[in-house]
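Please treat every number below as a calculation from the coordinates, not as lab data. As the structure is a computational prediction, the values presented were derived from the model and not from experiment. In this analysis, Cβ positions are derived from the backbone assuming ideal geometry, glycine residues included, and neighbour counts consider all displayed protein chains.
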Amino acid sequence: MAMDAGALVREERRRRGWTLREAAGRAGVALAGVHGIEAGNAASLESYARLGLALGLRPSLSFQHERRRSAAASRDVEAEDFVHAAMGEMEARAMGRAGRTVAMDEPYQHFQFAGRADFLAWQGRDLLHIENRTRFPNVQEAAGSYNAKRQYLARALAERAGIGPEGWRSVTHVMACLWSAEVLHVLRLRRATFGSLCPDPPDQLAAWIAGVEPARGVTSSLVLLDPAVPFGSRRRTVASLLDAQRVDSRYRGYADAADALRRIG
């Protein structure tokens, strides 16, 4: 276990281009401690946790046989894909009103930048973009991906749709996160980060759900989403980033959400 953990830490540190000293400083762990961990020496759980958080890794403890652990990892990936797809399906049903165009996993390119948008809806000169997140294994990468779409997506789609030089009347960016304990933990731990990415309340999304014309301008908001609860049901479907500091979780993680979705068919 110590050897595996050390290899993961070393690989991620090198991928980020950090020196041993830099990793130690960011994690608040002694330089000798980081060196020992990467060499495969056993260390305290606190040291592993500090390094894991600094590097964007998720600390976990497992005594499973390697073959069983690989099988479990495969099931976890399947569960994640299943939940992600269910979130998109839920959004498509809610936004697929007459006169709207809805697109899933839509590719786009702006000069040298290329990417894919999880969910899009537009009507006239109003655009809605939703990025679905079932977890945050690397907050920095998630932030970079979302910021790139905020920067380039609307412009690229305007050119493709033949929107004139005036551009979109409104652009609504939303980061929709699975309403799970795992996601809530990250949102609470990185509150300032997500606040900078998604500074606006989800009023524009509420307008899209209600079929009301959204206000003019560009907004970016974060919501918690329960994919097992249809929009418009009596049970609350979404919660805002502000709510994330105080609401209870609906699921522990993907597996719980996937099980709930499979039970309801």
Item to check | Pairwise centroid distance, computed over Cα atoms, of region 199-261 with region 89-113, Å | outcome: 18 Å
Checklist outcome for this item: Between the residues A210, S221, L189, the Cα farthest towards the positive end of the dipole of region 186-230, that dipole coming from +1 and -1 charges on the beta-carbon of Lys, Arg, Asp and Glu, is from L189
Item to check | DSSP bridge orientation in the chain - percent antiparallel, rounded to nearest 5 | outcome: 50 percent
Next on the checklist: Principal axis extents for region 2-54, Cα atoms only, whole Å, descending order, please.
Outcome noted: 23, 19, 18
Checklist entry - How many nm is it between the label spots at E213 and S145, if each spot is 7 Å from the Cα in line with the beta carbon? => result 3.5 nm
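So how strong a dipole does the chain carry about its Cα centre when Lys and Arg Cβ are +1 and Asp and Glu Cβ are -1, to the nearest 20 debye?
280 debye
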Checklist outcome for this item: Here, D248 and F231, labelled 7 Å along Cα→Cβ, have an inter-label distance in nm of 2.7 nm
Checklist outcome for this item: Binned at 10 Å from zero, the C-alpha pair distances of region 75-263 give percents of 9, 38, 38, 14, 1
Checklist entry - Given +1 on the Cβ of Lys and Arg, -1 on the Cβ of Asp and Glu, and no further charges, what dipole in debye does region 1-50 carry about its Cα centre, rounded to the nearest 20? => result 220 debye
